[in-house]
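The values are calculated or read from the model by the stated rules, or taken from the named source; none is laboratory data. Not measured: the values here are computed from a predicted model. In this analysis, Cβ positions are derived from the backbone assuming ideal geometry, glycine residues included, and neighbour counts consider all displayed protein chains. With ligands, DNA and RNA removed, areas are computed over all heavy atoms of the protein, side chains included. Shrake-Rupley method; radii C 1.70, N 1.55, O 1.52, S 1.80 Å.
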Amino acid sequence: MGIFSRSYMSQLVNRIVSVDRRASTFRHFARRFHVSSQNMVIAVGDKLPSVDLFESTPANKVNLAKEAAGKKIIVFAVPGAFTPGCSKTHLPGYVEKAVELKSKGISEIFCISVNDPFVMEAWGKEHGANNKIRMLADPKAEFTDAVDLSVDLQPLGGKRSKRYSMIVEDGTVKELNVEPDNTGLSCSLADRIKI
């Protein structure tokens, strides 16, 4: 969050507009200014949102907020299953390091992508993720939007997840690594996680 709270910024805009309602500059500014109480990039110290994701089939709902209760987990997200960077580096890195990460106190590792659950299951099987990484689909980007980590990637079909990783303890984010360019492969990789 920035220097000023949302409440303070809303009050400031209301004061500016009420000082001179005739000034078109302020009216234009007020129309363009929007304070959202729903979406804000998730941050260290925040609780995971209670949003259903899907594992294997649309009938198998998984709520990460509930799954994280009383556990230490890793969540990482990719822009798309079967895409080059995700398939060559990101997912394989977590599959390779899963046993090591779990030996350091991680209960479970979850991979999220804005895809359907059948695609996520097939992608996980192709990379040997079974019993190592839980592959979760966010088909309507509801979780991705709730943590405000969506990005418009038209070449991949539109709204996707930014590439990130996080450590979550008892439902609270303890570490968050969002790729600076949203899709790169640096800070969110398995070998960069600090446990």
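Per the listing 125, 104, 97, the residue uniquely buried (at least 16 other Cβ atoms within 10 Å of the Cβ), over 15 Å from the mean Cα position of the chain (by Cα) and modelled with pLDDT of 95 or more is 97. When segment 91-117 is filtered for residues that are assigned to a helix (DSSP H, G or I) and acidic (Asp, Glu), the ones remaining, listed by number, are 96, 100. Once segment 134-146 is narrowed to residues that are open to solvent by less than 10 Å² (accessible area, probe 1.4 Å) and of a type outside the set (Phe, Trp, Tyr), the residue that is nearest to residue 109 (Cα to Cα) is 136. Considering only residues in segment 69-88 that are open to solvent by 20 Å² or more (accessible area, probe 1.4 Å) and at pLDDT 95 or above, the one that is farthest from residue 162 (Cα to Cα) turns out to be 70.
What do you reckon, is residue 131 open to solvent by 60 Å² or more (accessible area, probe 1.4 Å) and at pLDDT below 95? Spelling it out, residue 131 is indeed open to solvent by 60 Å² or more (accessible area, probe 1.4 Å) and at pLDDT below 95. Determine whether segment 41-50 contains at least one residue that is polar (S, T, N, Q), at pLDDT 80 or above, open to solvent by less than 30 Å² (accessible area, probe 1.4 Å) and under 30 Å from residue 121 (Cα atoms). Scanning segment 41-50, I find no residue that is polar (S, T, N, Q), at pLDDT 80 or above, open to solvent by less than 30 Å² (accessible area, probe 1.4 Å) and under 30 Å from residue 121 (Cα atoms), so the answer is no.
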